[in-house]
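Visitor: What follows is a single structure, and I will ask about it in a moment.
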Amino acid sequence: MKRSCTEWVSLWASVAVVMSVLVDVKSGRAADYVCAVHSVAFDDNLNRVSDAASSNLPIVAADLKAAQKVCANSSVLAASAAAVACSHPAARVVGLFHQLDGTLVRSRSSKVVVRSAQTGRPENDKGVVKMRSCSEVGDSLCGDGIRQAGEMCDGANLGGLSCQSIGLTAGNLGCVGCRLDVSGCGNTVSTTSISVDGTVDVPSAFELGILHGISYLPTNDYSTAVDRIGALNPKTWYLGPWSNDIYGFVVDAAGFPQSQGTEVIFGMQDAFSFVTGGFRFYLGAATMQGGSLRPECVALPRSCWADFSSLLADWTNIVEITAATLASQQRAIDGFEIFAEPDFSWIGVSPAQLQILFQVGHDIVLQHFPQASIVGPSLGTFNPGGTNALTDTLDFVLQENIQLDVVNWHELGSLPEAVLAHTAEVRDFFTSHPQICDPTCPAIEIGEYNGSQTHLIPGNNVGWLYYLHEAGVDIARRACWDVPQGWSTCWAGFGGLLMNDNVTPTNNYWVYKAFAEMPRLLAVATVDPHAVALASKDGADQTVSVLIGRYGSLPEDPLARDLTLVIRDYPFPTSSLQSRFLPIVDGNNQPTAMPELTESFATGQVEVVGNDVLIIVPGFRRGDGLLVTLAP
């Protein structure tokens, strides 16, 4: 017997923002109840619903605007979907929410209130009805033939899945207890979205670096921030002479150089900007605009020069004073990045003149810090404008016998997979110019990666981690950007890994924490370049962890796609294998608080097929991440 909304609906309560939505669910009886969702703060973003509508997913609601309000943010989706699922098991609207978010019924930050459609008032005095567990809801709905919250399938409704689509050889896929039954499929895994080799692992190829990240005040307590960021094991930290005192946090408060072996990298061009007041510098004809001095030069005259000799004199003086001051203060600086996106910032300065400025900066730094590493050329894009700017700089380094310990450029306007070709080109240069590798080749560093349009999307960040590893990059730093909420991830939140309180983890924090806990990575092959994974095994407790992500915006990157992953030759016994699915949901490229990872039993299913383990994730959303752990 199906029970009423007032008997079944409930989620754990603790909330601040109230939103009421009238939903006509057409359950076959009088639609005189609606569920109003109370949830923690959410953003008004309607992309999910518009994507669902364009994909012809079912939307049953009083009107589209009502559905859009319910779907405004992933933090609301879990509660709203569970509300409709519990109160009206036959409601097709559940199909919409199931497509949009796999975490449907296990939310601890929401509660559901039952209201009358006529009065809008709570149906009972308390307005909230509690149940012992969400599994009761799933049990009550299983068997109605509708695939919904907590179900991989329901009766004959397999959600379009088949033996072949989940990666098995031909046969008949079944459904038992609302879980997929693969016993009728062939006992061999054929083609899957992602394949992991369970036999061989290698050290993680690159080290995580951090760019700026905080505004430090010695009077504040940063112990939680130190613990959070320390768990990510940062190996380099870029900072400049800004008043934010990032050095005070990294060295004095956190002690990362001592505890983590973190190297401190100082940006010399940032010091030049600090003194001149500008982030762009204009030379000669570039100082003029329409026959008069350009506005930037009127506002910031110290960032403009009529001739190169004047610019060179100022550069030499500021670099000398900066390096001498840092040395006299005995600052623990391990390396100096001479430039910062010179292709964007030095307007009217020729490549030959930039090389002169680089050499002057190099020479002054090594006079005061003879053991420091030199990083460059730090281009804003790889070979900007189709030029050979990066390899031309390497040629100049060789000709002038300049020390260059780290080859650095930024990847801000490209998809993650582009780093494969770029690093290959640099290694080709090393091969054809072996003298640059005497005694060792320069390290390859991506000084900043992930542009402002994608840097807070978990699936995109998984993609970057995957391709940085595949490319063999040695060091990589997340870029930081201003966010619509009125703050910058450069000066709070460590590049979007924490909220601006420097305490609360974001969804992306868990992507990087999962990666930090994978010191060795299993070999991974992928069919779709925008659906990727990182995987590791731990022999001590016989666990395997898999971090999965989807990204992209091309027509071939639909909102939701069924994903299958096979771990070939699973390295541990599988007789009592237990799985946990931990979704890392996209917040539409907005800072999204996620204090902890919450298990979602509805997200996927694991099957043992011979010596292999198959992970099935139906309807995996573009932009999302997913951590799957397997253990005895």
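Visitor: Can you tell me which of (1) part of a helix (DSSP H, G or I); (2) closer than 30 Å to residue 269 by Cβ; (3) touching a residue at least 60 places away in the same chain (Cβ under 8 Å) is the one residue 215 doesn't meet?
Guide: Result: residue 215 fails condition (1) only.
Visitor: Among (1) polar (S, T, N, Q); (2) closer than 23 Å to residue 509 by Cβ; (3) out of contact with any strand residue (DSSP E or B) (no Cβ under 7 Å at 6 or more places or on another chain); (4) surrounded by fewer than 19 Cβ atoms within 10 Å (Cβ to Cβ), where does residue 575 come up short?
Guide: Only one criterion in (1) polar (S, T, N, Q); (2) closer than 23 Å to residue 509 by Cβ; (3) out of contact with any strand residue (DSSP E or B) (no Cβ under 7 Å at 6 or more places or on another chain); (4) surrounded by fewer than 19 Cβ atoms within 10 Å (Cβ to Cβ) is unmet by residue 575, namely (2).
Visitor: Considering only region 294-303, I want to know if a residue exists there that is open to solvent by less than 20 Å² (accessible area, probe 1.4 Å) and farther than 28 Å from residue 368 by Cβ.
Guide: yes
Visitor: What about residue 177, is it at pLDDT below 95 and either crowded, with 17+ Cβ neighbours inside 10 Å or within 23 Å of residue 566 (Cβ to Cβ) (or both)?
Guide: no
Visitor: Also, I was wondering about something else. Taking region 587-601 on its own, how many of its residues are open to solvent by less than 20 Å² (accessible area, probe 1.4 Å) and within 22 Å of residue 148 (Cβ to Cβ)?
Guide: Number satisfying all stated conditions: 1.
Visitor: Would you confirm whether or not region 622-630 contains a residue that is of a type in the set (A, V, I, L, M) and open to solvent by 30 Å² or more (accessible area, probe 1.4 Å)?
Guide: No, region 622-630 contains no residue that is of a type in the set (A, V, I, L, M) and open to solvent by 30 Å² or more (accessible area, probe 1.4 Å).
Visitor: What is the number of the single condition among (1) in contact with a Leu (Cβ under 8 Å, 6 or more places away or on another chain); (2) open to solvent by less than 20 Å² (accessible area, probe 1.4 Å); (3) closer than 30 Å to residue 414 by Cα; (4) part of a strand (DSSP E or B) that residue 532 does not meet?
Guide: That leaves (1) as the condition not met.
Visitor: Filter region 272-327 for residues that are of a type in the set (Val, Ile, Thr) and without any contact (Cβ under 8 Å) to a residue 60 or more places away in the chain and give the result.
Guide: 275, 276, 298, 316, 318, 319, 321, 325
Visitor: Only residues in region 479-499 that are within 17 Å of residue 461 (Cα to Cα) and part of a strand (DSSP E or B) count as the first member; pair them with residues that are open to solvent by 20 Å² or more (accessible area, probe 1.4 Å) and hydroxyl-bearing (Ser, Thr, Tyr), Cβ under 7 angstrom, at least 6 apart or cross-chain, and list the lot.
Guide: Hits for this filter: 498/504.
Visitor: Here's something else I'd like to know. Looking only at region 188-212, count how many residues are assigned to a loop (DSSP other than H, G, I, E, B), within 30 Å of residue 565 (Cα to Cα) and either out of contact with any Pro (no Cβ under 9 Å at 6 or more places or on another chain) or charged (D, E, K, R) (or both).
Guide: Number of matching residues: 7.
Visitor: Hey, another quick one. Condition first: among the small types (Gly, Ala, Ser) and farther than 22 Å from residue 465 by Cα. Can you find one or more residues in region 540-555 that meet it?
Guide: There is at least one residue in region 540-555 that is among the small types (Gly, Ala, Ser) and farther than 22 Å from residue 465 by Cα.
Visitor: Further, regarding this structure: Exactly one condition in (1) modelled with pLDDT of 95 or more; (2) under 24 Å from residue 464 (Cα atoms); (3) surrounded by fewer than 21 Cβ atoms within 10 Å (Cβ to Cβ) is not met by residue 384; state its number.
Guide: It fails just one condition, (1).
Visitor: When residue 281 is evaluated against the numbered criteria (1) open to solvent by 10 Å² or more (accessible area, probe 1.4 Å); (2) within 21 Å of residue 314 (Cα to Cα), which criterion, by number, is the only one it fails?
Guide: (1)
Visitor: Collect the residues in region 197-215 that are open to solvent by less than 30 Å² (accessible area, probe 1.4 Å) and touching a Gly at 6+ places or on another chain (Cβ under 9 Å), keeping them in residue-number order.
Guide: 206, 209, 210, 211, 212, 213, 214
Visitor: Pick from region 182-196 the residues that are surrounded by fewer than 16 Cβ atoms within 10 Å (Cβ to Cβ) and modelled with pLDDT of 90 or more: which of them is nearest to residue 568 (Cα to Cα)?
Guide: 183
Visitor: Anything in region 252-269 that is open to solvent by less than 20 Å² (accessible area, probe 1.4 Å) and assigned to a helix (DSSP H, G or I)? List them, or say none.
Guide: Within region 252-269, 256, 268, 269 qualify.
Visitor: Hey, another quick one. With (1) crowded, with 22+ Cβ neighbours inside 10 Å; (2) within 25 Å of residue 415 (Cα to Cα) as the list, and residue 604 as the residue in question, which single condition is left unmet?
Guide: Among (1) crowded, with 22+ Cβ neighbours inside 10 Å; (2) within 25 Å of residue 415 (Cα to Cα), the lone unmet condition for residue 604 is (2).
Visitor: Return the only residue of 405, 428, 392 being in contact (Cβ under 8 Å) with a residue 60 or more places away in the chain, acidic (Asp, Glu) and open to solvent by 50 Å² or more (accessible area, probe 1.4 Å).
Guide: From the options 405, 428, 392, the qualifying one is 405.
Visitor: Let me ask something else. Report, by residue number, each residue of region 411-454 that is more than 26 Å from residue 263 (Cα to Cα) and aromatic (Phe, Trp, Tyr).
Guide: Hit for region 411-454 is 429, nothing else.
Visitor: In region 437-449, which residue that is touching a strand residue (DSSP E or B) at 6+ places or on another chain (Cβ under 9 Å) and either more than 27 Å from residue 211 (Cα to Cα) or small (Gly, Ala, Ser) (or both) is surrounded by the fewest Cβ atoms within 10 Å (Cβ to Cβ)?
Guide: Of everything passing the filter in region 437-449, 443 is surrounded by the fewest Cβ atoms within 10 Å (Cβ to Cβ).
Visitor: Can you confirm whether residue 444 is farther than 20 Å from residue 344 by Cα and part of a loop (DSSP other than H, G, I, E, B)?
Guide: Judged against the criteria, residue 444 is not a match.
Visitor: Ok, one more. With respect to residue 614, is the statement that it is over 23 Å from residue 170 (Cα atoms), in contact (Cβ under 8 Å) with a residue 40 or more places away in the chain and not in a loop (DSSP other than H, G, I, E, B) true?
Guide: Answer is no for this residue.
The values are calculated or read from the model by the stated rules, or taken from the named source; none is laboratory data. Because the structure is a prediction, the values reported are computed rather than measured. Heads up, the Cβs are rebuilt from the backbone with ideal geometry, glycines too, and the neighbour counts pull from every protein chain shown. Ligands, DNA and RNA are excluded from the accessible area calculation, which covers all protein heavy atoms including side chains. Shrake-Rupley method; radii C 1.70, N 1.55, O 1.52, S 1.80 Å.
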